[in-house]
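Inspection log for the structure reproduced underneath, given as structure tokens.
The values are calculated or read from the model by the stated rules, or taken from the named source; none is laboratory data. What you are looking at is a predicted structure, and each value in this text was computed from that prediction instead of being measured. A quick note on method: Cβ atoms are made from the backbone with ideal geometry, for glycine too, and the neighbour counts reach across all protein chains shown.
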Amino acid sequence: MNDLVTTILFPSTDLLADISLLVLRIYTGIAFIQHGIPKLKNLGVWSGMIGMPQPICAAAAITMVIGGILLIPGLLTTPAAAGIGGTMVYAVIFLAGKGSPFSPPEPFELEKGDYFGSMGPGEPSSWEKAATYVIIAAVLMTVGPGHLSLDSAWLQPLLQ
């Protein structure tokens, strides 16, 4: 009984850390694939909407998709996280520079019909989500992908 309580209260940090990093990589990878593909498919619309040149928008969207694909199995995790983090730092600067708040008001805090984003009805712009992804990228760049990754299984043995 004592061992069970100890295991529940003080689990192995190595295994939990590796599982947590795996979940974080998979979630973040899927999110960036889902953010990047629509931007690539609608590059002209997205570029015009935010007022940025198409080559810069294309580079950002490609970085999101490729970075997301690499994060899922944990392959080249640090460069993938750096690319994603860089695009999100730019997004934070861009949105904050436009005067967007850190977080948007909750829908129930707005008058009826005032729930509008930059493209019409939807969430008003904010830089909260981009800042969260900057932090996630920083964690992956500093802590690494964990043992449950291709970096650990393939690249680490090759480099030793």
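Comparison of Ala61, Ala91, Ala82 shows that the only residue that is touching a Leu at 6+ places or on another chain (Cβ under 6 Å) and in a helix (DSSP H, G or I) is Ala61. Total residues in the stretch 108-160 satisfying the condition of being at pLDDT below 90 and in a loop (DSSP other than H, G, I, E, B): the figure is 15.
Given the structure, is Ile56 surrounded by 12 or more Cβ atoms within 10 Å (Cβ to Cβ), in contact (Cβ under 8 Å) with a residue 24 or more places away in the chain, of a type in the set (Val, Ile, Thr) and part of a helix (DSSP H, G or I)? Against the criterion (surrounded by 12 or more Cβ atoms within 10 Å (Cβ to Cβ), in contact (Cβ under 8 Å) with a residue 24 or more places away in the chain, of a type in the set (Val, Ile, Thr) and part of a helix (DSSP H, G or I)), Ile56 does not qualify.
When each of Gly67, Gly29, Gly74 is tested for being touching a residue at least 40 places away in the same chain (Cβ under 8 Å), part of a helix (DSSP H, G or I) and within 15 Å of Ile136 (Cα to Cα), the lone residue that passes is Gly29. Scanning the stretch 132-160 for residues that are closer than 13 Å to Gly83 by Cα and not β-branched (Val, Ile, Thr) turns up Tyr133, Ala137, Ala138, Leu140, Met141.
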